[in-house]
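I have placed the structure first, in the form of structure tokens, so that the comments after it can refer back to it.
Bear in mind these aren't lab numbers, they're just calculated from the coordinates by the rules spelled out. All figures in this text were calculated on a predicted structure; none of them were measured in a lab. All Cβ positions, glycine included, derive from the backbone under ideal geometry; neighbour counts span all protein chains shown.
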Amino acid sequence: MSDARNTARAIDAMRRGWPIAIGDVTMLAVETADADRLAGFGDDYAILISSGRAETLKLTNQRAAADPDRPVLIERAPWFDMALATALADPQLDLTTPMKGPFRTVPPEPQDILAAALRLARVAGLLPAFFVGGSVVPETVVTIADIDAHEDAARLRLAVRARLPVAQAEDAEVVAFRTPESADEHVALLIGTPNGQAPLVRLHSECLTGDVLGSLKCDCGPQLDAAIAAIRVAGWGILLYLRQEGRGIGLVNKLRAYALQDQGFDTVDANTRLGFAIDARDFGVAAQMLQLLGQNRVRLLTNNPAKVAGLEAKGVSVVERVPHFLPPNPHNERYLATKRDRTGHQL
């Protein structure tokens, strides 16, 4: 059985730039390492990257790159240093950092452990890239079984609830949820009075740039405001605010994706070039929140069929999908078209 506490310790170590081990394989996250830590790691290492990143570097084929968990291992060459490793890991640097080569890939063994390392980096919100095989003593050791792609929704608990009048709904109540291992609390905003009918529910993933800063690159801020208004008009409903920034890849990686979009890539290709899934969110968390609130039947305000499927897979019945349409602006037209054409959104 997996132990989420081990994963939490490993994530903490990785973010501090400390080496970890998965099984008997020692590794150091490229993003949080530096020249001194690399020197202490030893010279006998290879560099692990994702298949999506390897395809960009012409180190693998497109069929392999279609599997985001497929590991690619690059043999160390004498000219390898911290700057080169950073350039290998981060595609936003491709236009400013000429690649030094040639690179030689070697069989990614043990493949299951290397694939688990890529998953762990994504859970930590780090670029999926590691130095692998050093001789340093790791800070913490985890097993493959410890590593899950998401927080454990079954361990989500209701932490607190309180009255929270908001601009569009003065009778609202806020409810916060958290798991023991995660520092991110998910929030539900209950609007109106239960009337025995299925509530109108909106799943809204956190978007600092859109919700707080008013970014025009996405439609998240207007969607949030419109959802609260729609629930108010319906008379009874719930807004779930999920701490899954950037479709689950985290704020820093979302901003990296923005930098790639500035280079001409759409939102889908930007995510895959970084080595992440197109959509890494876990809607099982939303289902658990609803069930803890006693709601197993909902009307879902969404254009995304994946949200419907995600809730129903976890036992929440979606009795109606209610479209949630907002007009585009000149800055997000391409983004919205990409969601429609490449991720199945029914705009």
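In loop segments of segment 155-213 as defined by DSSP, there are no trypsin sites (Lys or Arg not before Pro) with at most 15 further C-beta atoms inside 10 Å of their C-beta. Taking the inverse of the mean 1/r over every pair of distinct Cα atoms in segment 167-219 gives a Kirkwood hydrodynamic radius of 13.7 Å.
Seen from all directions on average, the chain presents a Cα convex hull projection of 17.8 nm².
Tell me the net charge near L200. Cut-off is 10 Å between Cβ atoms, L200 excluded, with +1 for each Lys or Arg and -1 for each Asp or Glu.
On the way: positive: R202, R232, R299; negative: E320.
Computed value for this residue: +2.
Which entries in the list K58/K339; K254/K314; K58/K307; K217/K254; K58/K217 go over 23 Å, if you measure between the two C-alpha atoms of each?
Values: K58/K339 27 Å; K254/K314 27 Å; K58/K307 34 Å; K217/K254 12 Å; K58/K217 30 Å.
The answer is K58/K339; K254/K314; K58/K307; K58/K217.
What is the distance in Å between the Cα centres of segment 118-156 and segment 261-324? Comparing the Cα centres of segment 118-156 and segment 261-324, I get a distance of 24 Å. Dimensions of segment 126-168 based on its C-alpha atoms, expressed as ranges along the principal axes with the largest first, amount to 57, 24, 18 Å. What the Cα atoms of segment 89-197 give is an Rg and a Dmax of 22.3, 67 Å. Rounded to the nearest 5, the antiparallel percentage of DSSP beta bridges internal to the chain is 70%.
With an 8 Å Cα cut-off and a minimum separation of 6 or more residues, compute the relative contact order for the chain in percent. Intermediate results must be reported in sequence, preceding the final value.
Numbers: 670 pairs, mean separation 57.8, N = 347.
Relative contact order comes out at 17 percent.
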